[in-house]
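A short write-up of the structure that comes next.
The values are calculated or read from the model by the stated rules, or taken from the named source; none is laboratory data. Values in this document were obtained by computation on a predicted structure and should not be read as measured data. Here the Cβ positions follow ideal geometry from the backbone for every residue, glycine too, while neighbour counts run over all protein chains shown. Ligands, DNA and RNA are excluded from the accessible area calculation, which covers all protein heavy atoms including side chains. Shrake-Rupley method; radii C 1.70, N 1.55, O 1.52, S 1.80 Å.
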Amino acid sequence: MFWSLKAFAARIVGSSDPTPTPLPASVADATAWLVASGQLNIPIAESDENDAIGHQVIERGRHLARQDMWAELSLEMRAADEGRKATPCGQPISELLAFGARSDVVLAAEHALSDGKALSDYDLLGGISELEGEIQNHPDDPMITLVVALAHIDLAWAWRGTAHPDTLPALHQSRCAAHFDRAAALLPKCRAALPDSPAIAAADCALLAGHIDPRTRVADKYEALITLDPQNHRHMRAMGSHLLPRWFGSYEQLEVQALRNAARTQKNWGAGGYTWVQFDAIALDDEACARVDVEYFLEGLRDIVARRPDQQTINLLAAYCSVTLQNRMGQNPRADIARKQICEAANWLIRDHMTELHPLIWAHAANGFNNSLRVNSAERFAARGRRDALKAIANLLRDELRSGQSVTFTPSGLQFSGN
């Protein structure tokens, strides 16, 4: 499918007024305002391959658990884990299967905790007790134990909610701590059985958020995970976020570990290992952004594109430069200097590498790629992403479009026609 901005445009003909026209309330019209008399055509991926694959895998895990096919679930998780299988955007298949297997228990508890009446009618321990029973039924199976440990981590977060820990009621604090404690007790057995498992190493890192020991070196946990699965950029991004002062690190640690990660993953990512560690951190934190080595970050962007030129990655990076980093512009002058230089990369990412638009990636970019975001309407969410992307692309190509040219994105690159 092609999306033509001209469908929205009221042609502006013969105007010589240099004063910018105020942006209309409709963003579709705002995009057309940027286009003026030109036309932009770009193929749009109406369905997201990641969402489709992820949904199927989650449903597979849920089905196996509901049918008490735990042995089959374990075999499929282990095969996916050993093969480092993931969706195109890096979601590990083993972790998606595990989420599906525990989702009935976790989602029911989350619903009860968000609804006072439901909480009074729901046995919050019944579901997790049934999962615990599967450990007894499969005492030597680390994958099933992993599913139960992850369920406890999810339930700990459900009890914590979004409130500051110091303001939580005593019951919530104690239940949250108890679930984290139980997960911490289960994971060593998993690690001992499968020391080379990325899924178990990732669970170890997930546990840090609620059960960190002052002696624990967070970077060591993530280095172990990245060593096991260096192709997955999500691990590097999570490490960077958790090395911010608001979590477990410092700005000095963030920079040192980003450089170390680039050196350790040089064969996989070139300088991209530095960029991935800084990726979410500098979007979240102005001081981290002010301190980032912009030149090396941009070198890493180019190395990532050289190694992953697929449209999922190109849309991710373009949306990051065009939307995510722009969100905090104006908050910190020192950070803005770095942001502006990095945001300029959107020019070559879109002009030289983009061939199709993935609206959901752009929609998530507006929220800083927040994985915990609740999406009430996938259609409206995708429409917002499409709108933001078209506005950014049209703004980037405004000179060509305002001169009356038609710009078409093709697999072989941009094509211009018209005046």
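With respect to the conditions (1) in a loop (DSSP other than H, G, I, E, B); (2) open to solvent by 20 Å² or more (accessible area, probe 1.4 Å), His111 lacks only one, and its number is (1). Please verify whether segment 256-276 includes one or more residues that are open to solvent by 10 Å² or more (accessible area, probe 1.4 Å), under 23 Å from Asn327 (Cα atoms) and in contact (Cβ under 8 Å) with a residue 12 or more places away in the chain. The answer is no; no qualifying residue exists. I need the full set of residues from segment 132-171 which are of a type in the set (Ser, Thr, Tyr) and either crowded, with 17+ Cβ neighbours inside 10 Å or over 22 Å from the mean Cα position of the chain (by Cα) (or both), in order please. Within segment 132-171, Thr145, Thr167 meet the criteria.
Say we look at segment 63-75 and pick out the residues that are more than 19 Å from Leu107 (Cα to Cα) and not hydrophobic (A, V, I, L, M, F, W, C); which of these is surrounded by the most Cβ atoms within 10 Å (Cβ to Cβ)? Applying the filter and picking the extreme gives Ser74. Tell me yes or no: at least one residue of segment 231-240 is assigned to a loop (DSSP other than H, G, I, E, B) and within 17 Å of the chain's Cα centre (by Cα). Yes.
For every residue, the table says whether it meets (1) crowded, with 21+ Cβ neighbours inside 10 Å; (2) touching a helix residue (DSSP H, G or I) at 6+ places or on another chain (Cβ under 8 Å).
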{"position": "Arg334", "(1), (2)": "no, yes"}
{"position": "Arg339", "(1), (2)": "yes, yes"}
{"position": "Trp348", "(1), (2)": "no, no"}
{"position": "Arg351", "(1), (2)": "no, yes"}
{"position": "Thr355", "(1), (2)": "no, yes"}
{"position": "Pro359", "(1), (2)": "yes, yes"}
{"position": "Ala366", "(1), (2)": "no, yes"}
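Is it true that Asp229 is in contact with a Pro (Cβ under 6 Å, 6 or more places away or on another chain) and more than 17 Å from Leu298 (Cβ to Cβ)? For Asp229, the condition - in contact with a Pro (Cβ under 6 Å, 6 or more places away or on another chain) and more than 17 Å from Leu298 (Cβ to Cβ) - is met. Among the conditions (1) closer than 20 Å to Ala65 by Cβ; (2) open to solvent by 20 Å² or more (accessible area, probe 1.4 Å); (3) part of a helix (DSSP H, G or I), His179 misses just one, which is (2). Scanning segment 123-176 for residues that are modelled with pLDDT under 85, at negative phi and not in a helix (DSSP H, G or I) gives Asp123, Leu124, Leu125, Thr162, Ala163, His164, Leu168. Out of all the residues in segment 76-92, is one or more among the aliphatic types (A, V, I, L, M), at pLDDT 95 or above, open to solvent by 60 Å² or more (accessible area, probe 1.4 Å) and more than 15 Å from Leu150 (Cβ to Cβ)? Within segment 76-92, not a single residue is among the aliphatic types (A, V, I, L, M), at pLDDT 95 or above, open to solvent by 60 Å² or more (accessible area, probe 1.4 Å) and more than 15 Å from Leu150 (Cβ to Cβ). Here segment 402-419 is the region considered, the condition is being surrounded by 13 or more Cβ atoms within 10 Å (Cβ to Cβ) and assigned to a strand (DSSP E or B), and the residue that is farthest from the chain's Cα centre (by Cα) is Gly418.
Would you say Arg60 is surrounded by fewer than 19 Cβ atoms within 10 Å (Cβ to Cβ) and part of a loop (DSSP other than H, G, I, E, B)?
no
Of all residues in segment 221-244, those that are open to solvent by 60 Å² or more (accessible area, probe 1.4 Å) and in contact with an Asp or Glu (Cβ under 9 Å, 6 or more places away or on another chain) total 1. Of the residues making up segment 293-304, those that are open to solvent by 10 Å² or more (accessible area, probe 1.4 Å) and either within 20 Å of Ala224 (Cβ to Cβ) or among the hydrophobic types (A, V, I, L, M, F, W, C) (or both) are Val294, Leu298.
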